[in-house]
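Participant: Pasting a structure here, questions to come.
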C-alpha cells in the first residue's frame, strides 16, 4: 500500500507557506514601533490581521507607514510582517498621507507616534555610539 507523502500537493504547501504569517523575532526597532502604535491607537497591529474593521485597519496602516519611514525594509518584507502583500503597504502609505492632513484625531495620533519613534530612534543611536566608543577603547 502506498501512503501519500503530503496531505496537500507540494504546490499547495508552498503557496500556503508563502502566504502564512511568519512571526520571526523582529528587530528591536520594529517591535518598539509595534508597541508604540498599539498604545496610541489602542489596537495592536498584530491583532486580528484578517479583520477589516476601520480602527484595526488604521492601526495596521500606521504600523506599515512608520516601518517604511524609519527602517530600510522593502514593501514586500514590511507586508510579510502581518501577512499582507506589498500593494497593501503601498495603499497604507497613501491613506496615511491623505488622512494625516485632514482628520483632526488622526493628526494627533500621527504626531504622537512620530515624536515617540523619533525619541526612541535617537536613544538607540546614542546607545550604539556609546557601545562603539567603549569597544574602541
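Participant: Exactly one condition in (1) within 15 Å of residue 30 (Cβ to Cβ); (2) without any contact (Cβ under 8 Å) to a residue 40 or more places away in the chain; (3) surrounded by 18 or more Cβ atoms within 10 Å (Cβ to Cβ) is false for residue 56; which is it?
Facilitator: Of (1) within 15 Å of residue 30 (Cβ to Cβ); (2) without any contact (Cβ under 8 Å) to a residue 40 or more places away in the chain; (3) surrounded by 18 or more Cβ atoms within 10 Å (Cβ to Cβ), only one is false for residue 56: (1).
Participant: Still on this structure, please answer the following. I'd like to check something: does region 74-88 contain any residue that is in a loop (DSSP other than H, G, I, E, B), at pLDDT 85 or above and more than 30 Å from residue 105 (Cβ to Cβ)? Steps first, please.
Facilitator: Step one: list which residues in region 74-88 are in a loop (DSSP other than H, G, I, E, B), which gives 74, 81-85.
If we keep only those that are at pLDDT 85 or above too, we end up with 74, 81-85.
Remaining after also requiring more than 30 Å from residue 105 (Cβ to Cβ): 74.
Looking through region 74-88, at least one residue is in a loop (DSSP other than H, G, I, E, B), at pLDDT 85 or above and more than 30 Å from residue 105 (Cβ to Cβ).
Participant: Checking the condition under 11 Å from the mean Cα position of the chain (by Cα) and more than 23 Å from residue 119 (Cα to Cα), which residue from 62, 90, 81, 29 passes?
Facilitator: Working: 62 fails: more than 23 Å from residue 119 (Cα to Cα); 90 fails: under 11 Å from the mean Cα position of the chain (by Cα); 29 fails: more than 23 Å from residue 119 (Cα to Cα).
Unique residue meeting the criteria: 81.
Participant: Please work out which residue is surrounded by the fewest Cβ atoms within 10 Å (Cβ to Cβ), limiting yourself to region 38-53 and to residues that are over 16 Å from residue 79 (Cα atoms) and touching a residue at least 12 places away in the same chain (Cβ under 8 Å). Walk me through it before giving the result.
Facilitator: Filtering region 38-53 down to residues over 16 Å from residue 79 (Cα atoms) leaves 38-43, 53.
Within this subset, residues satisfying the condition of being touching a residue at least 12 places away in the same chain (Cβ under 8 Å) are 38, 40-43.
Numbers: 38: 17, 40: 18, 41: 20, 42: 9, 43: 21.
The selected residue is 42.
Participant: Right, next: Is it the case that some residue within region 119-131 is modelled with pLDDT of 90 or more and touching a helix residue (DSSP H, G or I) at 6+ places or on another chain (Cβ under 6 Å)?
Facilitator: Residues of region 119-131 that are modelled with pLDDT of 90 or more, as a first pass: none.
The answer is no, given that none of the residues of region 119-131 is modelled with pLDDT of 90 or more and touching a helix residue (DSSP H, G or I) at 6+ places or on another chain (Cβ under 6 Å).
Participant: Considering only region 59-73, state which residues are surrounded by 14 or more Cβ atoms within 10 Å (Cβ to Cβ) and over 17 Å from residue 106 (Cα atoms). Please lay out each step first, then the result.
Facilitator: So in region 59-73, the residues surrounded by 14 or more Cβ atoms within 10 Å (Cβ to Cβ) come out as 59-68, 70-71, 73.
Passing the criteria: 67, 68, 70, 71, 73.
The values are calculated or read from the model by the stated rules, or taken from the named source; none is laboratory data. None of the values given here were measured: they were computed from a predicted structure. Heads up, the Cβs are rebuilt from the backbone with ideal geometry, glycines too, and the neighbour counts pull from every protein chain shown.
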